[in-house]
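Participant: Take this structure first; my questions come after.
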Amino acid sequence: MSAVKPTGPLDRVAGAHDAAVLAVARRGEPVARTGLAEALQVTPQAISKILSRLSERGLMAEIGSVSFGPGKPTTLYRIVPESRRAIGLHLTRSRLHGVVTDLTGQILVRREVEIDRGQPVPELISALAGVSRDLAQHGPGELLGVGVGMPGPVDSTEGVYRGASSPADAWHGASVRSLLLEELSLPVLLDHDSRAALVGESWSQPGLLDNAALVLAEEGLGAALRLDGAMVRGAHSRAGEAGHTVVRMGGTPCPCGRRGCAQAEYLAALEEGDPGRAAQVLATVVMDLVRLVDVDRVVLGGRSVYAHHATTMEAIRQALDESLRAESHVHVEVLLSTRGIDLIAAGAACEVLEHEYGLPAALVGPGAG
């Protein structure tokens, strides 16, 4: 993954076309010029140039030809998963989970080590670098960089963990991205864990989650949004902080200073051994997101969700049915992530892939063309 550089309109257009072809190819089926031209609404000649460019870079390859009757056989192409790889790290207060993925986001190798909650920043960076160096030895293809997903608040633009302004938070203000970059001499991305998770789900399922929310229940509760095909970050990189929306007036005190926040109520319910009440909190969060930002899919993930997935899915589906019963034209699908405990680490790796081969941000969203 190259450093972020300014690009002109022609560079962005070429990158968008390459990314669009790769997105179609990531679905796994062989692709041909004619089908790509129809899907992307460009000329077959333009598709030929794109495929030639991608093939020269080793990202696509010819896999043979097929005849559909009289005339010239059609050449088929496929994406080359083994041509590129990325490292993804999921950092929590107690563990570090790392993976290497190929170009399609499939996991090749995984590692997990314990982390000390009060570990000083230099030791933390050393642990991140150590796991990254180990993972870098595995898998074929060019290594593009390292992605890190961790609980918020995270400033993904500056690459800084904002954390809580208290002596108890040893990592507050840590410039994780720049410090890890110095250690590895590899490109590094840092993001909120829920956003990394949603990028991973979107990368592996191109086009399916263009208007979606991902609700993540790990050691806390958070959410991420993808609207009109673009990730939503917000003015301060805090969009999707659903864990600190109030679901119960005057409820459980939250470290943020409010009462009745979704995260505080959710964790309290689990601590009291009441997964049914915890599921109702998640259902409220999901319905609020559906009403507020009008998504058509909601993905659920995180260790807490997996531990109580049946109860959680039932509560959310029931809440959606009751709330949307009078609006038959509104359909919202609830999905459980199939990534399991790899969800955030794989997503962090996919953020590296998307940075390099995803649609340029300037061409994503309403009015993109």
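The values are calculated or read from the model by the stated rules, or taken from the named source; none is laboratory data. Here the structure is a predicted model, which is why all the values come from computation and not from measurement. Positions of Cβ are generated from backbone atoms using ideal geometry, with glycine treated the same way; all protein chains shown enter the neighbour counts.
Participant: If we keep just the residues of the range 200-247 that are polar (S, T, N, Q) and either at pLDDT 90 or above or assigned to a loop (DSSP other than H, G, I, E, B) (or both), which is nearest to Asp294 (Cα to Cα)?
Facilitator: Step one: list which residues in the range 200-247 are polar (S, T, N, Q), which gives 202, 204-205, 211, 237, 245.
Subset that is either at pLDDT 90 or above or assigned to a loop (DSSP other than H, G, I, E, B) (or both): 202, 205, 211, 237, 245.
Numbers: Ser202: 17, Gln205: 20, Asn211: 8, Ser237: 20, Thr245: 17 Å.
For the range 200-247, the residue satisfying everything is Asn211.
Participant: Kindly list, by first and then second residue, each pair from a residue in the range 287-302 that is within 13 Å of Ile316 (Cα to Cα) to a residue that is buried (at least 20 other Cβ atoms within 10 Å of the Cβ) and of a type in the set (Asp, Glu), limited to pairs with Cβ atoms under 7 Å and residues at least 6 apart or on different chains.
Facilitator: Between residues of the range 287-302 that are within 13 Å of Ile316 (Cα to Cα) and residues that are buried (at least 20 other Cβ atoms within 10 Å of the Cβ) and of a type in the set (Asp, Glu), the close pairs are Val299/Glu201.
Participant: Here's something else I'd like to know. Are any residues in the range 6-40 modelled with pLDDT of 90 or more and in a loop (DSSP other than H, G, I, E, B), and if so, which ones?
Facilitator: Within the range 6-40, Arg26, Pro30 meet the criteria.
Participant: Right, here's the next one. Of everything in the range 218-240, what is surrounded by 22 or more Cβ atoms within 10 Å (Cβ to Cβ), over 15 Å from the mean Cα position of the chain (by Cα) and among the small types (Gly, Ala, Ser)? Give them in sequence order.
Facilitator: If the condition is that a residue be surrounded by 22 or more Cβ atoms within 10 Å (Cβ to Cβ), over 15 Å from the mean Cα position of the chain (by Cα) and among the small types (Gly, Ala, Ser), then Gly220 is the only one that fits.
Participant: Somewhere in the range 333-351, is a residue more than 30 Å from Leu181 (Cα to Cα) and part of a helix (DSSP H, G or I)?
Facilitator: No, the range 333-351 has no match at all.
Participant: Looking for whichever is within 22 Å of Ala197 (Cα to Cα), surrounded by fewer than 24 Cβ atoms within 10 Å (Cβ to Cβ) and charged (D, E, K, R) here; the options are Asp274, Asp210. Which one fits? Quick ask: steps written out before the conclusion?
Facilitator: Values: Asp274 fails: within 22 Å of Ala197 (Cα to Cα).
Of Asp274, Asp210, the one residue that is within 22 Å of Ala197 (Cα to Cα), surrounded by fewer than 24 Cβ atoms within 10 Å (Cβ to Cβ) and charged (D, E, K, R) is Asp210.
Participant: Turning to a different aspect of this structure: Can you name the number of the only condition in (1) part of a loop (DSSP other than H, G, I, E, B); (2) without any contact (Cβ under 8 Å) to a residue 40 or more places away in the chain; (3) touching a strand residue (DSSP E or B) at 6+ places or on another chain (Cβ under 9 Å) that Thr104 fails?
Facilitator: Single failed check for Thr104: (2).
Participant: Only one residue in Leu108, Leu89, Leu135, Leu76 is touching a Pro at 6+ places or on another chain (Cβ under 7 Å) and on the phi < 0 side of the Ramachandran plot. Which one?
Facilitator: Numbers: Leu108 fails: touching a Pro at 6+ places or on another chain (Cβ under 7 Å); Leu89 fails: touching a Pro at 6+ places or on another chain (Cβ under 7 Å); Leu135 fails: touching a Pro at 6+ places or on another chain (Cβ under 7 Å).
Result of the check over Leu108, Leu89, Leu135, Leu76: Leu76.
Participant: Continuing with the same structure: In this structure, is Val285 in a loop (DSSP other than H, G, I, E, B), at pLDDT 90 or above, assigned by TED's automatic domain parsing to the domain that holds Val247 and of a type in the set (Val, Ile, Thr)? Steps first, answer last, please.
Facilitator: Numbers: in a loop (DSSP other than H, G, I, E, B): no; at pLDDT 90 or above: yes; assigned by TED's automatic domain parsing to the domain that holds Val247: yes; of a type in the set (Val, Ile, Thr): yes.
No.
Participant: I'm trying to understand the selection: among the residues of the range 285-323, which are over 23 Å from the mean Cα position of the chain (by Cα) and over 21 Å from Asp210 (Cα atoms)? Step through it out loud before you land on a result.
Facilitator: Here is the first cut: in the range 285-323, the ones over 23 Å from the mean Cα position of the chain (by Cα) are 310-311, 314-315, 317-323.
Across the range 285-323, the qualifying residues are Ala310, Thr311, Glu314, Ala315, Gln318, Ala319, Asp321, Glu322, Ser323.
Participant: Which condition number in (1) modelled with pLDDT of 95 or more; (2) under 17 Å from the mean Cα position of the chain (by Cα) is the one that Thr92 fails?
Facilitator: (1)
Participant: Let me confirm something: among Gly257, Gly250, which residue is part of a loop (DSSP other than H, G, I, E, B) and either under 16 Å from Ala279 (Cα atoms) or at pLDDT 90 or above (or both)? Steps first, answer last, please.
Facilitator: Numbers: Gly257 fails: either under 16 Å from Ala279 (Cα atoms) or at pLDDT 90 or above (or both).
Result: Gly250 is the single residue among Gly257, Gly250 that is part of a loop (DSSP other than H, G, I, E, B) and either under 16 Å from Ala279 (Cα atoms) or at pLDDT 90 or above (or both).
Participant: Would you mind finding the one in Glu333, Glu314 that is modelled with pLDDT under 95, touching a Lys or Arg at 6+ places or on another chain (Cβ under 7 Å) and loosely packed, with under 15 Cβ neighbours inside 10 Å?
Facilitator: Being modelled with pLDDT under 95, touching a Lys or Arg at 6+ places or on another chain (Cβ under 7 Å) and loosely packed, with under 15 Cβ neighbours inside 10 Å holds for just one of Glu333, Glu314, which is Glu333.
Participant: Let me ask something else. So if I check each of Gly147, Gly152, Gly130, which one is crowded, with 20+ Cβ neighbours inside 10 Å and either free of Cβ contacts under 8 Å to residues at least 60 places away in the same chain or part of a strand (DSSP E or B) (or both)? Spell out the reasoning first.
Facilitator: Working: Gly152 fails: either free of Cβ contacts under 8 Å to residues at least 60 places away in the same chain or part of a strand (DSSP E or B) (or both); Gly130 fails: crowded, with 20+ Cβ neighbours inside 10 Å.
Answer to the selection: Gly147.
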